[in-house]
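Structure, as structure tokens:
The values are calculated or read from the model by the stated rules, or taken from the named source; none is laboratory data. Just so it is clear, the structure is predicted and the values come from calculations on it, not from any experiment. In this analysis, Cβ positions are derived from the backbone assuming ideal geometry, glycine residues included, and neighbour counts consider all displayed protein chains. All accessible areas refer to the heavy atoms of the entire protein, side chains included, with ligands and DNA or RNA removed. Shrake-Rupley method; radii C 1.70, N 1.55, O 1.52, S 1.80 Å.
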Amino acid sequence: MVGMTGKRTTTAEQAEKADTREAVPPVPRGFGLTANGYGSLSRQFPSTPRGARLARRTVVRQLGHWGFRPMTDATCAVALVVAELAANAVCHGRLRGRNFQVRVDYEGPASRFRIEVSDAVLGRTPEDPELPPDDQESGRGLFLVECLASRWGWEPRNPVGKTVWAEVAAARPPGGPGDPGFPGGA
């Protein structure tokens, strides 16, 4: 077989190269936290229940790239806040033909996540959360957000719609930037 260099290689040489490539695990590039401990994800999703599920899964996957394991308190809290805010965007902020946007920023020095979910409807703004009666099946989403977040609120979005945001406290993941055991760490 002729390689890209124009040099003929044998099957044994190809197998040896393949073994060498498999020995080095791939390293995800561009997904980790910066050296200062910051990370950011921003993405749009369709305003459907499937889009809300995809938003939660995408955020959990990104947190894994940042060093937060899937079942940690921080990851579970962020996933639940994203799920609730995305579900509200789909149920109460849906406008035909418009997506909703999720932005998650990790601020390592401040040890917190800022979660923002933006939709296209300004008229239906979040109210102060109150627990509904026990026999009611819905209406607890913002109450859960208030329990998990250190702060939350909403603001109008230009040119149209609103952004509901929440801040969740979370320490840096062990072994990440700022950890004394991390190369170049504190």
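I'd like the accessible area for Asp73, computed on protein heavy atoms only with a 1.4 Å probe and all protein chains in place. Round to 10 Å², please.
Surface open to solvent at Asp73 totals about 130 Å².
Once the other residues with Cβ under 11 Å from the Cβ of Phe113 are scored (Lys, Arg +1; Asp, Glu -1), what is the net sum?
Overall, the nearby charge balance is -1.
Keeping all protein chains in position, work out how much accessible area Arg103 exposes to a 1.4 Å probe, and write it in Å² to the nearest 10.
Around 90 Å² of this residue is reachable by solvent.
Which one, Val60, Ala74, Leu95, is farthest towards the positive end of the dipole of the range 39-121 when Lys and Arg carry +1 and Asp and Glu -1 on their Cβ?
Leu95
By how many nm would the segment from Tyr38 to Ala169 lengthen if fully extended, with 0.36 nm per residue of separation less the alpha-carbon distance?
The span from Tyr38 to Ala169 would gain 45.8 nm if fully extended.
How much accessible surface does Trp66 have with a 1.4 Å probe, in Å² rounded to 10?
Looks like 10 Å² after rounding.
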